[in-house]
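The values are calculated or read from the model by the stated rules, or taken from the named source; none is laboratory data. Just so it is clear, the model here is predicted, and its values are computed rather than measured. Cβ placement follows ideal geometry from the backbone for every residue including glycine, while neighbour counts extend to all protein chains displayed.
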Amino acid sequence: MKLKALSLVALLALSNGAYAAEGELSIGTEGAYPPWSMADAAGNVTGFDADVGNLLCNKLEMKCHFVVQAFDGLIPALKAKRFDIIISGMSITQDRKKEIDFSVGYAELANMFLVPKTSDLAGIKDIDTLLKALDGKSIGVQAGTTHAHFIEKRVPTADLKTYDTLDQMQMDLASGRVDVAFADASALQDFLAKPEGKDFQFVDVKVQSKFDSSLGEGIGVGIAQENTALKAKIDTALCELVADGSIGKASQTWFKSDISRGCN
């Protein structure tokens, strides 16, 4: 991957609070949320987030360096300047925008509920009926996500269980310690493909972000609020990567569909 041009280095250095190392962009990501972000024991990161990060770095002519961090610690770590940006399937929300800035949204995927095939929720087909039926149910979500905020807002009578990782949530679902799991469809699809997922199914209700503002405004790159020059460069690069089909192609690899979102 080519080093960043000197003119871009100079531009970033002029922005208030810019701190990207010369020629390198450090990227915070969870590393435990397949197929978005997976890290091996050596810290090597793969998945859709890694592909987006590499595409972005290539477009900016910078080297990528990934930093693995628990999802609910990503924003504090960005503010502490542990890395330059966040690429971790992070939805753009009003609450998060109070803490950090975001790029343009470049992707969006429906959110779904996963239940045992024997569950009384399994046959529900509409969102209003589903939300009522979740009253009193134990619902597993990943901590710090829009899914957690959605349940807190829309089903306050549920027994909300939060987990540091998706794997932990799925283990409790498989063992019957929670009644239902809520996450983006792609992450839960990975569980269904495993032997322990054979007795589970999606509720046939896709919850799009437009249904409730707590689910955000699409997936974006998290950027420190003071790093305005870097945000401008990332916005331009992402729009070009969506327009030329690069992000759509990457999403086809990991999700078998184009989840890219244009800049218009």
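Some notes on this structure:
- Each residue in segment 185-218 was checked for being crowded, with 22+ Cβ neighbours inside 10 Å and in contact with a Gly (Cβ under 7 Å, 6 or more places away or on another chain), and 1 of them qualify.
- Taking the criterion of being assigned to a helix (DSSP H, G or I) and either without any contact (Cβ under 8 Å) to a residue 60 or more places away in the chain or touching a His at 6+ places or on another chain (Cβ under 6 Å) (or both), the residues of segment 234-255 that qualify are Thr236, Ala243, Gly248, Lys249, Gln252.
- Number of the condition not met by Ala70 [criteria: (1) buried (at least 23 other Cβ atoms within 10 Å of the Cβ); (2) modelled with pLDDT under 95; (3) small (Gly, Ala, Ser)]: (1)
- The listed residues are Ser119, Ser103, and the only one of them that is surrounded by 19 or more Cβ atoms within 10 Å (Cβ to Cβ) and in contact (Cβ under 8 Å) with a residue 60 or more places away in the chain turns out to be Ser103.
- Flag for Glu217 being more than 18 Å from Ser88 (Cα to Cα) and among the acidic types (Asp, Glu): no
- Within segment 78-92, residues that are farther than 17 Å from Trp36 by Cβ have Cβ atoms under 6 Å from residues that are among the aromatic types (Phe, Trp, Tyr) and in a loop (DSSP other than H, G, I, E, B) in these pairs: Lys81/Tyr19, counting only partners at least 6 apart in sequence or on another chain.
- Asp190 falls short on exactly one of the conditions (1) in a helix (DSSP H, G or I); (2) not assigned by TED's automatic domain parsing to the domain that holds Ala143; (3) not basic (Lys, Arg), and that condition is (2).
- Residues (surrounded by fewer than 20 Cβ atoms within 10 Å (Cβ to Cβ) and modelled with pLDDT of 95 or more) located in segment 106-116: Pro116
- Scope segment 33-46; condition more than 16 Å from Gly248 (Cβ to Cβ) and touching a residue at least 40 places away in the same chain (Cβ under 8 Å); matching residues: Tyr33, Pro34, Ser37
- Leading residue by the ranking (surrounded by the fewest Cβ atoms within 10 Å (Cβ to Cβ)) among those in segment 219-264 that are of a type in the set (S, T, N, Q) and over 17 Å from the mean Cα position of the chain (by Cα): Asn264
- The residue of segment 156-180 that is surrounded by the fewest Cβ atoms within 10 Å (Cβ to Cβ), among those that are in a helix (DSSP H, G or I) and without any contact (Cβ under 8 Å) to a residue 40 or more places away in the chain, is Ser175.
- Qualifying positions in segment 73-94 - buried (at least 20 other Cβ atoms within 10 Å of the Cβ) and at positive phi: Gly89
- Verdict on Lys153 being crowded, with 16+ Cβ neighbours inside 10 Å, more than 14 Å from the chain's Cα centre (by Cα) and in a helix (DSSP H, G or I): no
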